[in-house]
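The values are calculated or read from the model by the stated rules, or taken from the named source; none is laboratory data. Predicted model only: the values in this text are computed from it and were never measured. Cβ placement follows ideal geometry from the backbone for every residue including glycine, while neighbour counts extend to all protein chains displayed.
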Amino acid sequence: MDKCPHQDCFADDNTTCTLGHLDRRKCPEWQRVDGAAATAMTATDDMLLPWSGLAMGESDLNFVSGRAKPITVGIVGPESAGKTTILGAFYLLLGRGALTTEDTVFSNSYTLTGWETVAASMRWRPGPMPPRFPPHTPSGKARAPGMLHLGFRRKDGTLRDLLFADAPGEWFRKWAVNQDTPDAEGARWIAKHADVTLLIADRQALSGSRLGTARNDFQLLAQRAIAEARGRPLALVWTKGDVEVAAAMEVQIRRAVASVLPSVPEFTVSVTQREQIDPAAGFRKLFDWIVSTTRRGLVIPVTQPSGHDPLFRFSRK
Ligand SMILES: Nc1nc2c(ncn2[C@@H]2O[C@H](COP(=O)(O)OP(=O)(O)OP(=O)(O)O)[C@@H](O)[C@H]2O)c(=O)[nH]1
Ligand SMILES: [Mg+2]
């Protein structure tokens, strides 16, 4: 038996269980199937927090959703397009107090370890190794993307939770070609749940030796992502802004988006300094837009009250 009977627990020997026990043998759910180990361990059982700090899976989202439904941000783009780099940059800027204004202050995160994993390689450390880019996001066997959480408190005192879905580019490539392919489960998950979509245009790919393929792939992905967004906020994000792209190519990319959805907000980000432009400014602008988007709310029909009794306002008796 190596699977916990709890429906939401996928812990193995190296991961924290869904009820927060670092050692799963200390978990009452696990003890139901592993009685012998249980009795030896219960004396030293310290109940930990019910989250591990790692990127969240679908079944962990209750912690965040219990307070208010979070805004899920889907980052949609091909392999090596700079998706994870955006997240790493957000986190490092946040740590320096350089991401948000005083209107939106950092409140909490359930996934600090997950953020550290993404951003660790991008940090300067003493020694000969300069900062590097985050590692490629593995597609593995996961069916839903890893979610990274950030909570903010706004000026009016309210909290806003953001969940960033970091998925491997392979999923989106397969999804763009065939929406129903079993390998694209995670991409479908993002398309269904994302309240905000960042559609990535990789300037390096769009100016490289396979720029024609990159453009065609973008067009296909853009059509799919915009159709699936169904009116929810979507932005075109140019990554690797330090790389030159032919003006004609930029026009084609914008046209691919505008032909399906006119007036899409556009952002350019880069981790590399170009001319006099502060690299942080692009990420800040993008983050500002994300944090200021709102989910389409429930529209309650407004009717004229009939008579003086508000209980009859919908003309029911
Ligand atoms: N010149 C330049 N290169 C960048 C920039 N951001 C990312 N890159 C390059 O793009 C590569 C891929 O970046 P990632 O953030 O891992 O891309 P990804 O979209 O998460 O890729 P997958 O996880 O494979 O889907 C990096 O290893 C860098 O070589 C940038 O701002 N400028
Ligand atoms: Mg990645």
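Data for the structure
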quantity	calculated
Hey, Ser270 in the same structural domain as Thr84 (by TED's automatic domain parsing), out of contact with any Gly (no Cβ under 7 Å at 6 or more places or on another chain), in a loop (DSSP other than H, G, I, E, B) and not aromatic (Phe, Trp, Tyr) or not	no
Residue match in segment 71-83 (condition: closer than 30 Å to Gln223 by Cβ, at pLDDT 70 or above and more than 16 Å from ligand 2 (Cβ to nearest atom))	yes
Number of the exception - Lys240 against (1) touching a residue at least 24 places away in the same chain (Cβ under 8 Å); (2) away from ligand 2 (no atom under 16 Å from the Cβ); (3) among the basic types (Lys, Arg)	(2)
Leu206 at pLDDT 95 or above and within 16 Å of ligand 2 (Cβ to nearest atom)	no
Options Arg230, Arg295, Arg316, Arg224: the member that is basic (Lys, Arg), modelled with pLDDT under 90 and within 23 Å of Ile190 (Cβ to Cβ)	Arg295
Any hit, segment 165-172, residues being out of contact with any Asp or Glu (no Cβ under 7 Å at 6 or more places or on another chain), of a type in the set (Gly, Ala, Ser) and modelled with pLDDT of 90 or more	yes
Segment 209-220, residues that are of a type in the set (Lys, Arg) and either modelled with pLDDT of 95 or more or buried (at least 17 other Cβ atoms within 10 Å of the Cβ) (or both)	Arg215
Residue within segment 191-207 that is assigned to a loop (DSSP other than H, G, I, E, B) and within 11 Å of ligand 1 (Cβ to nearest atom) present	yes
Criterion: under 26 Å from Val251 (Cα atoms) and surrounded by fewer than 22 Cβ atoms within 10 Å (Cβ to Cβ) - qualifying residue of Gln179, Gln204	Gln204
